[in-house]
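Right, one structure below, let's go through it.
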Amino acid sequence: VEDCLPRAQSVLFRAWYGVVMVQTLSDIFPAGARVEKIAGGFQFTEGPVFSRIGFLLFSDIPANRIMKYTPSPGREPDLTVFRENSNAANGLTFDHQGRLLACEGKPGRVTRTEKDGKITVLAERFEGQPLQRPNDLVYAIDGCIYFSDLPAGVLYYISRKGELKVATKEAAGPNGVALSPNQLILYVADSKNKNIRAFDLAGDGSLSNGRVVMDVRADGIKTDEAGNLYAASAGGIWVFSPQGKHLGTIE
């Protein structure tokens, strides 16, 4: 299966973009694409995540809120509060049931918002000590959850059985986390060392073969279906190919 996944990814990539390999930003974005401001007036925004059913969630950390933005073609977009008293939520993502997962900072914990709105705490202590300030997280297809605790210098993972384990301490300042589309590589933005590291993902959820793949001081990171990586950094969104080539920056 592992041998087939990269090939399947390549086929999807060619079918979607109509090219064999991305060389520049123009291979990804249509001509004339531009940045458009959709909302403002917040204090400190983080953790944007788009739901498959058509809305965007993001954190406003000092306001202690998670906001919900719903695009409305032809009329004003709908902007509402998704959750008050968010416990200084930062990074957000969804699991495969569409439930919101959040890194919360005060006190440090990782939570899941159930369908009925109740909050389930997935992790808050490791070996008897409280988590410091979980920053960002990603949900793997096998049910593992990887999250960074930047002040602690630790990347953790919650196993399918709900066990909290250390994934790696190689990143001194682990910040944004993302998975490759074939779920075989985990990326971690190391803000302190000003690079992005990659790790091979084993079947049991553990990481190995840590290496620096991009030299950029990044915060949030995401990947697309073709394996390109997007990093929030100085000047805009830096875009890298799966091979680590800087394709350009969305200013």
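For the reader, a short list of remarks on this structure follows.
- Between amide H atoms placed 1.01 Å from N, distances below 5 Å from Ala89 occur with Gly105, all of them 5 or more places distant or on a separate chain.
- Percentage relative contact order, the chain, counting C-alpha pairs under 8 Å, at least six apart: 10 percent
- Set of the stretch 110-151 residues, backbone N closer than 17 Å to the point 7 Å along the Cα-Cβ line of Ala172: 149-151
- The distance between label points at Ala33 and Arg99 comes to 3.4 nm (points 7 Å beyond Cα on the Cα→Cβ vector).
- Charge-dipole axis of the chain as Lys and Arg at +1 and Asp and Glu at -1 on Cβ define it, positive-most pick from Ser208, Pro30, Ala102: Ala102
- Heavy-atom accessible surface of Glu46, to the nearest 10 Å², is about 30 Å², with a 1.4 Å probe and all protein chains retained.
- Using 0.36 nm per residue and subtracting the Cα-Cα separation, the extra length available between Thr249 and Ser72 on full extension is 60.9 nm.
- Derived from the Cα gyration tensor, the three semi-axes of the equivalent ellipsoid of the stretch 30-142 are 27, 16, 14 Å, largest first.
- Projecting label points 7 angstrom from Cα along Cα→Cβ for Ser26 and Thr45 puts them 2.9 nm apart.
- Using 0.36 nm per residue and subtracting the Cα-Cα separation, the extra length available between Arg125 and Asp142 on full extension is 3.8 nm.
- The residues of the stretch 23-106 have, on average, 58 Å² of accessible surface per residue, using a 1.4 Å probe with all protein chains present.
- The helix-only estimate of mean residue ellipticity at 222 nm for the chain, built from DSSP H runs of length n ≥ 4 each weighted as -39500 (n - 2.57), is -2000 deg cm²/dmol after division by the residue total.
- Per residue accessible area of the stretch 118-251, 1.4 Å probe, in Å²: 44 Å²
- Candidate residues Thr93, Thr223: accessible-area rank, largest first, probe 1.4 Å: Thr223, Thr93
- Taking the protein heavy atoms of the chain in the context of the full set of protein chains, the accessible area attributed to carbon and sulfur is 51 percent at 1.4 Å.
- Viscosity 0.890 mPa s, temperature 25 °C, Stokes-Einstein D of the stretch 110-250 from Kirkwood C-alpha radius, µm²/s: 160 µm²/s
- HN-Hα J in Hz across the stretch 170-187 - Karplus 6.51, -1.76, 1.60, θ = phi - 60°, x for Gly and Pro: 5, 8, 5, x, x, 10, x, 10, 7, 10, 5, x, 8, 6, 9, 10, 10, 9
- In Hz, Karplus ³J(HN,Hα) per residue of the stretch 192-198 (6.51, -1.76, 1.60; θ = phi - 60°; x = Gly, Pro): 6, 8, 6, 8, 10, 9, 10
The values are calculated or read from the model by the stated rules, or taken from the named source; none is laboratory data. In this text the structure is predicted, and so the values were computed from the model without any measurement. Quick reminder, even Gly has a Cβ in these numbers, built from the backbone with ideal geometry, and neighbours come from all protein chains shown. Remember, those area values only see protein heavy atoms, side chains included, never the ligands or the DNA or RNA. Shrake-Rupley method; radii C 1.70, N 1.55, O 1.52, S 1.80 Å.
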